[in-house]
1. Which distances, in nm and shortest first, link the B:Arg142 label point to the same label point in every other copy, taking 7 Å along Cα→Cβ?
2. Could you state the number of Å between the C-alpha centres of the stretch B:1-63 and the stretch A:72-140?
3. Sketch the reach of a paramagnetic label on A:Asn45 as a point 7 Å from Cα along Cα-to-Cβ, and name the residues of the stretch A:13-30 whose backbone nitrogen lies under 16 Å away.
4. At a threshold of 8 angstrom on Cα-Cα distance, excluding pairs fewer than six apart, so keeping six or more, what relative contact order does chain B reach in percent?
5. For the stretch A:28-45, take each phi angle, set θ = phi - 60°, evaluate the Karplus expression 6.51 cos²θ - 1.76 cosθ + 1.60, and give the result in whole Hz per residue in order, putting x for glycine and proline.
6. Over the Cα atoms of the protein assembly as shown, Rg to Rh with Kirkwood Rh, two decimal places?
7. Is it possible to state the helix-based mean residue ellipticity at 222 nm for the protein assembly as shown, with each DSSP H run of 4+ residues giving -39500 (n - 2.57), the sum divided by total residues, to the nearest 500 deg cm²/dmol? What is it?
8. Restricting things to Cα coordinates, could you compute the convex hull volume per residue of the stretch A:40-112 in Å³?
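Just so it is clear, none of the values below were taken in a lab; they were calculated from the coordinates. Please read these numbers as outputs of a predicted model, since none were measured by experiment. No Cβ is skipped: glycine too gets one built from the backbone with ideal geometry, and neighbour counts run over all protein chains shown.
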Protein chains: 2
Amino acid sequence: MKTVLNPTKERILSAAELLFAETGIATTSLRRITGRARVNLAAVNYHFGSKDGLIDAVYERRLGPVTDEWLANIEALENRYGESPAPVEEIVEAFVLPVARLASDEVRGGRIFMRLLAQGYSEARHYFEKLFSSQYQHVLDRYRQALRQDLPHVPSDTLCWRLQFLLGAMTQGLSGGELLRLIEGKADPKDTERAVRELIPFLVAGLRAEPPPESEERSYGLSTVSADPGEIA
Amino acid sequence: MKTVLNPTKERILSAAELLFAETGIATTSLRRITGRARVNLAAVNYHFGSKDGLIDAVYERRLGPVTDEWLANIEALENRYGESPAPVEEIVEAFVLPVARLASDEVRGGRIFMRLLAQGYSEARHYFEKLFSSQYQHVLDRYRQALRQDLPHVPSDTLCWRLQFLLGAMTQGLSGGELLRLIEGKADPKDTERAVRELIPFLVAGLRAEPPPESEERSYGLSTVSADPGEIA
DNA sequence: GTCTATAGAGGGATAGAC
DNA sequence: GTCTATCCCTCTATAGAC
């Protein structure tokens, strides 16, 4: 267990993760983090160099293992099925489960981190751009190609859109979000096992759906691309 | 047009919206906002009372019309179909279109605001809680009940989960997100008309999907609810 | 590796002239 | 309604003792 190796570092990381998720990154000061972690203020700069260094470390600790699992899972599928297409269900599972495992593992940060993840990219943009360009994009592409093989009736760019929908639904669904509570259901947002069980058929059906007709048989009357709104609009 | 009535207020709102979406709320200072709006620093406090007041106004300006449309649309459906169930396609359209109209309307803030919205609740939690408890929850509930009628094979709590997935997919899909760019597709994230055309069948198929079996015929081995992680974990 | 003390920058808000 | 000047606060980061 890494947790044992350097208690101070881990304490800072866990406190930071929790506070970031609860109140946002920018509004969380190093003073509050070190206070909660019961560690000296200067320790952050000693161990992580700066607040930015700490932010990177918070993300790295959780997302590193996930991308590793993603890669391992897709490779296992590729090896198992060879040239023949793997079924969509299994591909979706291979993608969702690593994230779900993270979400359900309270010891490893669990849903706290998922909330941080769902919170968006604007606060940690530089980290996400680094991550995407290095590994994420490549992994996602292999999932997309695997899906294509079992979905010959779905055009390539429709599949791109659907992948984006998938990412949105998955992140929202596994973050144990505030949203669910407000839909007034008996559903327990903390039940990750249940969330996955619901999520998989929803996503599979969405991916399998008949693609929309090419023709403009039906227009929603939404401007496609309008002029630059300008400085003030 | 409200835009004409008070130029200064509108300039501040638009500048704030843009900067909030680009770099987050907390990191955007009133100095940067007023600088971009070419308005005096003190104007914010004069017109909005405080930075919090400004944040509320930014959300209110966009979300007010959306919730109004949501309500009008669901009422139109209820009146048109009476006791017999409205088809899922129309219900989903009635829900997605108001948001899509906002996203596609550059003059009204468009995708800039959608990005702000997708960014999550943590930065503007107090505003969302106010909104949810007053109108949003009630409106969402009527959509849920309409869906139930046309989806008798879907249990009530499964539907709750699916609504959450729907919200995640919609928000992500209409935010013109950075994500799509990275999936290496020819899809243009700015094409809202296209986004909606893709989104509707995806969501409808997901909502219509056969619900997962109740029994534990298949477990993902994810802990359901574990102990409180404690202060530090 | 841990702590105290502080430098140095930037933030929100306001008083008061115009 | 708009502007300048300024108060007072909190923040990150670091220097230097232990």
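1. 4.9
2. Using only Cα atoms, the two centres lie 37 Å from each other.
3. A:29-30
4. Dividing the mean separation by the residue count of chain B yields 20 percent.
5. These are the phi-based 3J(HN,Hα) values: 8, 8, 4, 5, 5, 4, 5, x, 5, 7, 6, 9, 6, 3, 5, 4, 4, 5 Hz.
6. 0.96
7. Calculated from helices alone, the mean residue ellipticity at 222 nm is -21000 deg cm²/dmol.
8. Measuring per residue, one finds 107 Å³ for the Cα hull of the stretch A:40-112.
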